[in-house]
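What follows is a set of notes on a single structure, which appears directly below.
The values are calculated or read from the model by the stated rules, or taken from the named source; none is laboratory data. This one's a predicted model, so the numbers in the text were calculated from it and none came from an experiment. Please note: Cβ atoms are built from the backbone with ideal geometry, for glycine as well, and neighbour counts cover all protein chains shown.
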Amino acid sequence: MPADIRKILTQVDEIHLEMGQTISPPTRRAVACAVIANPFAGRYQEDLSELTEIGVELGDLLTKRCLAALNIAPDQAESFGKAAIVGEGGELEHAAAILHPKLGTPVRAALGKGPALIPSAKKRGGLGTPIDVPLGHKDAAFVRSHFDAVEVRITDAPRAGEILVAIAITDSGRPLPRIGGLQKHEIKGEDGLR
């Protein structure tokens, strides 16, 4: 059963100046969110496979929305992350069912690569609840310059019986990274770690 989507929000955050230093090209982070009906709100359901399949659908849709918002080719994406907020009547396991079993496969397919674990966050909340979508380099989790997060908030979501699902994609790391560690030009991309 496809997701019952009430609304989609896409936003791009661009940083052009940090601590008086020009960031060129600017650091850009896109987030695409879907607000969907929770088919299991208000009741316990042992089999959450319907939400897992919704994760497949949203992984593809929201990743493509991010790429379009950044106006980049898939191979130009550097970081990714995912998050969900479950509204009243839902449980955290509903968010987990969307985010974890299958959502990553269409994200990686849309990007053409991405062996690293996709950082994630989930929580319960009501209208206007913010969530930080954690970010990490898509090819190597140990690239410190790409440890980041982008906040998302939709003023009228999630309502009772809804779930807000977010995917974030960047075309760069943090502005002015200088804490050392593995650099993106040193990535081997074999195991998702280095």
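Some values worked out for this structure:
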{"read-out": "Residue in segment 15-22 that is out of contact with any Cys (no Cβ under 7 Å at 6 or more places or on another chain) and under 18 Å from T63 (Cβ atoms) present", "value": "no"}
{"read-out": "Output for segment 145-182, where each listed residue is touching a Gly at 6+ places or on another chain (Cβ under 7 Å) and among the polar types (S, T, N, Q)", "value": "S145, T155"}
{"read-out": "Residues of segment 160-190 satisfying the condition of being of a type in the set (K, R) and in contact (Cβ under 8 Å) with a residue 60 or more places away in the chain", "value": "R174, K184"}
{"read-out": "Some residue of segment 68-81 being under 17 Å from the mean Cα position of the chain (by Cα), touching a residue at least 40 places away in the same chain (Cβ under 8 Å) and under 19 Å from A157 (Cα atoms)", "value": "no"}
{"read-out": "Residue count, segment 126-163 (criterion: among the polar types (S, T, N, Q) and in contact with a helix residue (DSSP H, G or I) (Cβ under 9 Å, 6 or more places away or on another chain))", "value": "1"}
{"read-out": "Selection status of A95, buried (at least 23 other Cβ atoms within 10 Å of the Cβ), hydrophobic (A, V, I, L, M, F, W, C), in contact with a strand residue (DSSP E or B) (Cβ under 7 Å, 6 or more places away or on another chain) and assigned to a helix (DSSP H, G or I)", "value": "yes"}
{"read-out": "Residue selected from segment 160-194 under the condition more than 20 Å from the chain's Cα centre (by Cα) and closer than 23 Å to I131 by Cβ, by the criterion surrounded by the most Cβ atoms within 10 Å (Cβ to Cβ)", "value": "G161"}
{"read-out": "The listed residue being more than 11 Å from S79 (Cα to Cα) and either at pLDDT 95 or above or touching a His at 6+ places or on another chain (Cβ under 7 Å) (or both), out of V143, V107", "value": "V107"}
{"read-out": "Scan of segment 1-37 for residues that are more than 30 Å from R178 (Cβ to Cβ), without any contact (Cβ under 8 Å) to a residue 60 or more places away in the chain and not in a loop (DSSP other than H, G, I, E, B), ordered by number", "value": "I5, I8, T10"}
{"read-out": "Residues that are of a type outside the set (V, I, T) and within 22 Å of I54 (Cβ to Cβ), drawn from segment 146-183", "value": "R153, D156, A157, P158, R159, A160, G161, E162, L164, A166, A168"}
